[in-house]
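Take a look at the structure set out below.
The values are calculated or read from the model by the stated rules, or taken from the named source; none is laboratory data. For clarity, every value in this text was computed on a predicted model and none was experimentally measured. Every residue, glycine as well, gets a Cβ built from its backbone with ideal geometry; the counts of neighbours run over all protein chains shown.
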Amino acid sequence: METAATKGFALRSVPAVEVSRTGIVGNREFFLVDIDERLYSVPKDPVFLGYWTSHDPATGVFSLGRGTTTVCSAVVRHAGGVRPFEFDDRMVDGWWAPGPWDEVLSDVAGRDLRLAHCAEPGGGHDVHPVTLQSTASLAALGTELDGRPVDPRRFRLNVTLDVGDVPFVEDTWAGRVLALGTCRLRFRSGVPRCVAVESRPGDGDRGLLVQQRIRRLRGPMVSDWGPGVLFGMYADVVEPGSVAVGDPVSLEVSAAVQAGRGGPGS
C-alpha cells in the first residue's frame, strides 16, 4: 500500500492503513496551492516527486525532506478558519498551514506556493477516496527501459490487489463491492492517467512513454469523463475500517449474480 502525506510528493509504502469515509487517514492530508489559490500538483509540475513529507498527528509536526535529508520541520499551526479550496473538479475544505516549508517549496518550484491542510482525513484525494490496481495489470505493462518491472509507484494508487492472472479484471468490477481487511469499498470507474505517470519515481526519467504503452496494450478507452488513458480503478468507501498488507480480498456477490445472470469476477 502506498500513501503520501502531501498530494504530489513521493509515496511511501506502509504495512497498514485506516480508511475513513473521506479517504485514507494520513494520505493526502496536505496539498499545495499556487498564487491563484488553486491546486498545484503533479500535472502542473512533477518537481516534488523526489521530495517526501511526513506529519505526526500526535505532535502536529510536519516535515519536508529529500532522500535522507530533512530540509525543514515544524509544528503545523493553522491560519484562519476552514475555507474551500478549488481542486480541478471539486472543492476541498481546509486550513492554511504556513511554515518554513512555504519558502523552501516556492524556491524549488520557482513560484509562490503555500501549503494547505485538509479538514477531513485523506480529503486531498482525486475524484473518489481510494484507488486500486492489480498485480496482473502491472505485469501486463512489461518492464522499464532498464529491464526492471514497471514501477507501480508511477500510478500513485493506494492499494495493489493480487486477484489472479487476468490483466485489467478490476475494470469489469464497476459498481461491485470489495471486502478488504475490515472495510468495504465500491468500485466506481477507471482512473484517467495524466502526464504524472511519465515521470519514474526516484529519478524522474521520462523515457518509457507509459501512456503510449497503455494505449497500445488496451486500445481505445472511454471513462466517465470521455476518451482517455485508463489504468487503475476509483472506489468509494461503503464501510470504514483497517487494511493491512496480506489481508484477504473478497468480491461480494452482486445483485445480478444473485438473480442468476452471472457476471465478470463473480
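Residues that are under 18 Å from Leu157 (Cα atoms) and of a type outside the set (Phe, Trp, Tyr) were ranked within the range 214-232; the one that is surrounded by the most Cβ atoms within 10 Å (Cβ to Cβ) is Gly232. Does Gly147 satisfy being surrounded by 14 or more Cβ atoms within 10 Å (Cβ to Cβ) and of a type outside the set (Phe, Trp, Tyr)? Considered against the rule, which asks whether it is surrounded by 14 or more Cβ atoms within 10 Å (Cβ to Cβ) and of a type outside the set (Phe, Trp, Tyr), Gly147 comes out as no. Go through the range 51-65 and count every residue that is in contact with a helix residue (DSSP H, G or I) (Cβ under 9 Å, 6 or more places away or on another chain) and either more than 13 Å from Leu105 (Cβ to Cβ) or modelled with pLDDT of 95 or more (or both). Looking only at that region, the number is 4. Might you let me know whether the range 71-83 holds any residue that is touching a helix residue (DSSP H, G or I) at 6+ places or on another chain (Cβ under 7 Å) and under 19 Å from Val25 (Cβ atoms)? The answer is no; no qualifying residue exists. Among the residues of this structure, Phe48 counts as one that is out of contact with any Asp or Glu (no Cβ under 8 Å at 6 or more places or on another chain) and at pLDDT below 95. Here the condition is being part of a loop (DSSP other than H, G, I, E, B) and either over 21 Å from the mean Cα position of the chain (by Cα) or surrounded by fewer than 18 Cβ atoms within 10 Å (Cβ to Cβ) (or both); of Asp93, Asp89, Asp102, it holds for Asp89 alone. Please work out if Leu157 is touching a residue at least 40 places away in the same chain (Cβ under 8 Å), outside the structural domain of Phe9 (by TED's automatic domain parsing) and surrounded by fewer than 21 Cβ atoms within 10 Å (Cβ to Cβ). No.
Pairing each residue of the range 74-99 that is under 20 Å from His125 (Cβ atoms) and in contact (Cβ under 8 Å) with a residue 40 or more places away in the chain with any residue that is of a type in the set (Gly, Ala, Ser) and not in a loop (DSSP other than H, G, I, E, B), provided the two are 6+ apart or on different chains, yields C-beta distances under 8 Å for Phe85/Gly94; Phe85/Ala116; Gly94/Ala116; Ala97/Ala79; Ala97/Ala116. Tell me yes or no: at least one residue of the range 33-44 is farther than 20 Å from Val191 by Cα and either among the polar types (S, T, N, Q) or in contact with a His (Cβ under 7 Å, 6 or more places away or on another chain) (or both). The answer is no, given that none of the residues of the range 33-44 is farther than 20 Å from Val191 by Cα and either among the polar types (S, T, N, Q) or in contact with a His (Cβ under 7 Å, 6 or more places away or on another chain) (or both).
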